[in-house]
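Below is one structure, written out as structure tokens; comments come after it.
The values are calculated or read from the model by the stated rules, or taken from the named source; none is laboratory data. What you see is a predicted model, and the numbers here were worked out from it, not measured in a lab. Neighbour counts are summed over all protein chains in view; Cβ atoms, including those assigned to glycine, are modelled from backbone coordinates with ideal geometry.
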Amino acid sequence: MFLLSLVKYKSILDIKTLDIPAHKITSIVGESGSGKTTLLRLLNKLISCDTGDIYYNNILINTIDSIKLRRDVIMLPQSPAIFSGSIKDNLLIGLKYSEKPIVTDDKLNEVLELVHLNKNLSSDADKLSGGEKQRLALARVILLQPEVLLLDEPSSALDEDTEHLIIEALVDYTVANNKTLIMVTHSKKIAAQFSDYIIEIKNGKIISQGEVK
């Protein structure tokens with residue numbers, strides 16, 4: 001799905017070759033500051049590499065309209081934006097910006113259940129905890145039904161038990177809907193348990209990549 005060749009970005013990344021498969025769960029692991037988040041940001045043109053080529057579905061990424069690409073390939077940052085208003089407002093705002101049809105309350109509750117956020121749609125989003133806000137933002141992204149989910153530490157604000165539940169739900173959703181999930185995770189345990197493919201980065205270089213045995 002993504003192919004990177006001779007990609008360099010400032011002094012942060014120096015990738016000779018990297019092939020990220022479609023319709024798989026891919027985890028990117030490595031020490032803090034190794035370039036994991038920068039790699040994610042390259043995949044939907046939030047930043048552009050200084051040299052080298054990146055392909056998405058065999059098309060040079062620089063030739064793809066940025067807005068169109070980001071509707072297919074959506075990134076959820078580690079500290080996602082939460083907007084003033086209710087949980088329902090926050091869920092619908094992504095659909096409105098993307099000019100997609102508004103869904104029913106039943107659908108909204110269904111996606112809240114998926115991310116294990118047991119809250120009323122009318123609840124004030126600003127009063128949620130950090131972990132709850134992260135799950136709300138994740139639900140908002142899932143509603144957009146992108147082809148690729150780019151998740152930067154999607155469980156960083158969660159306790160270990162909730163982390164397991166959320167990652168498991170995300171994996172099940174990805175498989176059931178034939179999507180692609182690419183996530184940066186601090187946990188090698190999570191990566192080993194849930195991934196089809198693991199990429200390890202050290203000092204901006206790919207030191208290993210491959211299918212999980």
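Can you name the number of the only condition in (1) over 23 Å from Tyr9 (Cβ atoms); (2) out of contact with any helix residue (DSSP H, G or I) (no Cβ under 6 Å at 6 or more places or on another chain); (3) of a type in the set (D, E, K, R) that Lys202 fails?
Lys202 satisfies every listed condition except (1).
Step by step: first the residues of segment 111-148, then only those that are exposed (fewer than 14 other Cβ atoms within 10 Å of the Cβ) and assigned to a helix (DSSP H, G or I), then the one that is modelled with the lowest pLDDT. Which residue is that?
For segment 111-148, the residue satisfying everything is Gly130.
Would you pick out the residues in segment 53-91 that are charged (D, E, K, R) and free of Cβ contacts under 8 Å to residues at least 24 places away in the same chain?
Asp65, Lys68
Among the residues of segment 92-99, are any assigned to a loop (DSSP other than H, G, I, E, B), farther than 24 Å from His164 by Cβ and without any contact (Cβ under 8 Å) to a residue 12 or more places away in the chain?
Yes; the residues of segment 92-99 include at least one that is assigned to a loop (DSSP other than H, G, I, E, B), farther than 24 Å from His164 by Cβ and without any contact (Cβ under 8 Å) to a residue 12 or more places away in the chain.
For segment 10-29, what are the residues that are over 26 Å from Asp172 (Cβ atoms), part of a strand (DSSP E or B) and either touching an Asp or Glu at 6+ places or on another chain (Cβ under 6 Å) or charged (D, E, K, R) (or both)? Break it down stepwise before answering.
Within segment 10-29, the subset over 26 Å from Asp172 (Cβ atoms) is 10-18.
If we keep only those that are part of a strand (DSSP E or B) too, we end up with 13-18.
Matches in segment 10-29: Asp14, Lys16.
Within segment 73-86, is there a residue that is farther than 30 Å from Ser122 by Cβ and surrounded by 15 or more Cβ atoms within 10 Å (Cβ to Cβ)?
Within segment 73-86, one or more residues are farther than 30 Å from Ser122 by Cβ and surrounded by 15 or more Cβ atoms within 10 Å (Cβ to Cβ).
For segment 20-56, how many residues are under 14 Å from Ile206 (Cβ atoms) and among the basic types (Lys, Arg)?
Count: 1.
Consider Asp89 against the criteria (1) under 30 Å from His186 (Cα atoms); (2) surrounded by fewer than 17 Cβ atoms within 10 Å (Cβ to Cβ); (3) not small (Gly, Ala, Ser): it satisfies all of them except one. Which criterion is unmet?
For Asp89, the exception is condition (1).
Answer with yes or no whether Asp172 is buried (at least 18 other Cβ atoms within 10 Å of the Cβ), within 25 Å of Leu40 (Cβ to Cβ) and at pLDDT below 95.
Working: buried (at least 18 other Cβ atoms within 10 Å of the Cβ): no; within 25 Å of Leu40 (Cβ to Cβ): yes; at pLDDT below 95: yes.
Against the criterion (buried (at least 18 other Cβ atoms within 10 Å of the Cβ), within 25 Å of Leu40 (Cβ to Cβ) and at pLDDT below 95), Asp172 does not qualify.
Outside any strand (DSSP E or B), in contact with a Lys or Arg (Cβ under 7 Å, 6 or more places away or on another chain), of a type in the set (Gly, Ala, Ser) and farther than 21 Å from Asn44 by Cα: is that true of Ser156 in this structure?
Numbers: outside any strand (DSSP E or B): yes; in contact with a Lys or Arg (Cβ under 7 Å, 6 or more places away or on another chain): no; of a type in the set (Gly, Ala, Ser): yes; farther than 21 Å from Asn44 by Cα: yes.
Answer is no for this residue.
Val7 fails exactly one of the following numbered conditions: (1) among the β-branched types (Val, Ile, Thr); (2) part of a helix (DSSP H, G or I); (3) surrounded by 13 or more Cβ atoms within 10 Å (Cβ to Cβ). What is the number of that condition?
If we test Val7 against (1) among the β-branched types (Val, Ile, Thr); (2) part of a helix (DSSP H, G or I); (3) surrounded by 13 or more Cβ atoms within 10 Å (Cβ to Cβ), just (2) comes out false.
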